[in-house]
Protein chains: 2
Amino acid sequence: MTKRSRAGRLRIHVENDPHHAEVYHITPALFARRVRRSPGLAGRIAITYGQNLLDAPLAESEVVVVSNVDGTGLAERAPRLRWVQATSAGVEKLAPTLPDSLLLTNASGVHGPKAGEYAMTALLMLNHRVPHYVTAQRAGRWDQAFATPIAGKTVLILGVGAIGSAAARLARGFGLRILGVSRSGKANPLVDRMYKPAALRRALPQADFVLVTLPLTAETRGLVGRTELDLLPRHAGIVNLGRGPVIDNDALADKLRRGELSGAVLDVFPEEPLPASSPLWTVPNLIISPHCAADDSTSYAERALDIFVGNLERYLAGRRLVNVVDKTLGY
Amino acid sequence: MTKRSRAGRLRIHVENDPHHAEVYHITPALFARRVRRSPGLAGRIAITYGQNLLDAPLAESEVVVVSNVDGTGLAERAPRLRWVQATSAGVEKLAPTLPDSLLLTNASGVHGPKAGEYAMTALLMLNHRVPHYVTAQRAGRWDQAFATPIAGKTVLILGVGAIGSAAARLARGFGLRILGVSRSGKANPLVDRMYKPAALRRALPQADFVLVTLPLTAETRGLVGRTELDLLPRHAGIVNLGRGPVIDNDALADKLRRGELSGAVLDVFPEEPLPASSPLWTVPNLIISPHCAADDSTSYAERALDIFVGNLERYLAGRRLVNVVDKTLGY
């Protein structure tokens, strides 16, 4: 794994999408600061930066660092390319466009403590009827709705990865019972009971809250559809911090309008930014946060860079990388 | 303290305000169930119920249980009255209308775990820019605002009583630094540093969040005015779960409109219900909850009754009551 470019340095190309908020940008200054903490990299890497893959100096690049963009043509334009590091956890746009021969790693874990904290915030908001209050406020209406403490209630976490685990840890502190769904369904010390996806319909009726942190894959698209939402108790609420298309938002909106669920907090949408014309903006008991729940304004890029630099050291040492994406599974 | 009515039983009159939500009502069924757990009371009390003090059978009553209403004329109409138990924690309407000779106790502590949990919810909402999101949502606007985790930030709690302490306990779990203000300013194991009210202006500039849980008294009315709000950092947010007139809401609204504070969550207002004509409904970055933050939909009346029955046993035994209100201080 340590084949070097002609000048003896590993050629790395870093892309920063100009349409992305600056909190995501891996700038030359940030990279230089980070590399100083890894003296083993000195003199072994050569980095170029760009804002648009089409114009990038890719002919010599062996490594590309890029956000979750469409990577069509990348392999052709970068004949020496062997490894693509995504700066995002989700890679549903990037992964299907890369050839099988390319190594793809993601930034799972980048969201760190913030995403779990926002998940807990959203669960508390649902428990304390905040979606009801802000809906009544939009109408200038004083409409009391009382709640009970969250302790003893049940949260069902779909996707117990980095964010789901951080949320589970906080939820335990509030005395919640925790159910989880993962592809393997294997036991998790943070979760009272794990289910496989095939058993989702047995788990849903037990949930006071559902927390979705799933990536978007062929298996998760539309996983929470009308039938699944119908299995939730009427008082239940749902949070989506994963990817928009995992939930059937039309079905969710219908149920919220009919009062068949108590509330929802959505941070992700099939189309982002959510268009001004979307009917979701005014659905009762639905709170929209604009895909910022998981990302930390001061440390996102640093955390993504930490994941990349750790992998870079492994790559140069010929060791196995972390966060390798299974392109068939899509995460 | 154990003078008995003619029939040898202590005459107690319980008022339930029909304009109050049912979660507050101490019904005959509830009382009967509670008394069964205190066999010492059997045969020693006689209870009447009413919905309007003016029509109540008060001539024989030695004890009145009532919410935070205007008690003008009560003492005259109940010549044997010695003790008034309020079913609320705040007694700003009731206390000034009772003669000094009457013993008044309140239901401080009735809010139990729920109020602290809602306080923590509100602090997390402020930290995670939820007021910003719901304001943008009202305009159908996708407007990202990123945050950092709450750990290491500072909350200033005004009034470290039952609710303030419950909030402090949860806030410690999230790694918050906790400052407090109380009348005595005396040390509190849950609080990193306590201040007296006179030092409020030194505490405010340190606060990322202010949590108000104060009762309404002559000292607390208008305590958080324009000058005090101006001492907060621009990124700070404020929560009021105490009593509306503690904060100058006109000044608060001005600052929120000018973006000089990041958000507010208000559960209490000078006039409740908040009138439909109030300008507060549409103030940016302000979330309104309709005075339900502290009250538990399943256990409020039971908790209030627990406090009363505990005092009743003390009263019959000639012991000192808990939650005795200092009518001069107003709480």
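The values are calculated or read from the model by the stated rules, or taken from the named source; none is laboratory data. Not measured: the values here are computed from a predicted model. Virtual Cβ from ideal backbone geometry, glycine too; neighbours counted across all protein chains shown.
Table for the structure above
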item: Any hit, the stretch B:239-248, residues being among the β-branched types (Val, Ile, Thr), within 14 Å of chain A (Cβ to nearest Cβ) and either surrounded by fewer than 18 Cβ atoms within 10 Å (Cβ to Cβ) or in contact with a Ser or Thr (Cβ under 8 Å, 6 or more places away or on another chain) (or both); result: no
item: Matching residues, the stretch A:170-179, being more than 19 Å from A:VAL265 (Cβ to Cβ) and touching a residue at least 12 places away in the same chain (Cβ under 8 Å); result: A:ARG172, A:GLY175, A:ARG177
item: Count of the stretch B:283-311 residues which are part of a helix (DSSP H, G or I) and either in contact (Cβ under 8 Å) with a residue 60 or more places away in the chain or facing chain A (nearest Cβ under 7 Å) (or both); result: 11
item: Residue check for A:ALA139: small (Gly, Ala, Ser), farther than 30 Å from A:GLU302 by Cβ and touching a Lys or Arg at 6+ places or on another chain (Cβ under 6 Å); result: no
item: Condition check for B:PRO197: away from chain A (no Cβ under 14 Å) and more than 22 Å from the chain's Cα centre (by Cα); result: no
item: Selection from the stretch A:70-101 of residues that are crowded, with 20+ Cβ neighbours inside 10 Å and β-branched (Val, Ile, Thr); result: A:VAL84, A:THR87, A:VAL91
item: Selection status of A:ARG319, more than 14 Å from chain B (Cβ to nearest Cβ), more than 22 Å from the chain's Cα centre (by Cα) and not aliphatic (A, V, I, L, M); result: yes
item: Output for the stretch B:21-40, where each listed residue is assigned to a helix (DSSP H, G or I) and of a type outside the set (Gly, Ala, Ser); result: B:GLU22, B:VAL23, B:TYR24, B:PRO28, B:LEU30, B:PHE31, B:ARG33, B:ARG34, B:VAL35, B:ARG36, B:PRO39
item: Only listed residue being touching an Asp or Glu at 6+ places or on another chain (Cβ under 7 Å) and more than 27 Å from A:HIS291 (Cα to Cα), chosen from A:PRO149, A:PRO189; result: A:PRO149
item: Residue in the stretch B:82-92 that is at pLDDT 95 or above, of a type outside the set (Ser, Thr, Tyr) and farther than 27 Å from B:HIS19 by Cβ present; result: yes
item: Near pairs, Cβ below 6 angstrom, 6+ apart or cross-chain, from the stretch B:312-331 (without any contact (Cβ under 8 Å) to a residue 12 or more places away in the chain) to any residue that is surrounded by 13 or more Cβ atoms within 10 Å (Cβ to Cβ) and not in a strand (DSSP E or B); result: B:ARG314/B:LEU321
item: Spans of strands (runs of 3 or more DSSP E) in the stretch B:41-131 with at least 2 residues in contact with a Ser or Thr (Cβ under 9 Å, 6 or more places away or on another chain) and of a type in the set (Ser, Thr, Tyr); result: B:45-50
item: Any hit, the stretch A:102-124, residues being of a type in the set (D, E, K, R), within 9 Å of another protein chain (Cβ to nearest Cβ), crowded, with 24+ Cβ neighbours inside 10 Å and at positive phi; result: no
item: The one condition in (1) touching an Asp or Glu at 6+ places or on another chain (Cβ under 9 Å); (2) buried (at least 22 other Cβ atoms within 10 Å of the Cβ); (3) within 30 Å of B:ARG141 (Cα to Cα) that B:ILE287 fails to fulfil; result: (1)
item: Any hit, the stretch B:257-271, residues being touching a Cys at 6+ places or on another chain (Cβ under 9 Å) and surrounded by 19 or more Cβ atoms within 10 Å (Cβ to Cβ); result: yes
item: Qualifying residue in the stretch A:43-60 (condition: in contact with a Phe, Trp or Tyr (Cβ under 6 Å, 6 or more places away or on another chain) and either outside the structural domain of A:GLY244 (by TED's automatic domain parsing) or crowded, with 23+ Cβ neighbours inside 10 Å (or both)); result: no
item: Residues of the stretch B:169-194 satisfying the condition of being charged (D, E, K, R) and farther than 18 Å from B:TYR331 by Cβ; result: B:ARG169, B:ARG172, B:ARG177, B:ASP192, B:ARG193
item: Single condition A:ALA75 does not satisfy, out of (1) at pLDDT 95 or above; (2) not assigned by TED's automatic domain parsing to the domain that holds A:MET194; result: (1)
item: Residue match in the stretch A:294-310 (condition: over 30 Å from A:VAL35 (Cβ atoms) and either among the aromatic types (Phe, Trp, Tyr) or not assigned by TED's automatic domain parsing to the domain that holds A:ALA89 (or both)); result: no
item: Residues located in the stretch B:127-168, provided they are surrounded by fewer than 22 Cβ atoms within 10 Å (Cβ to Cβ), β-branched (Val, Ile, Thr) and either within 14 Å of chain A (Cβ to nearest Cβ) or free of Cβ contacts under 8 Å to residues at least 24 places away in the same chain (or both); result: B:THR135, B:THR148
item: Failed item in (1) within 14 Å of another protein chain (Cβ to nearest Cβ); (2) farther than 20 Å from B:GLY263 by Cβ, with B:GLY185 passing the rest; result: (1)
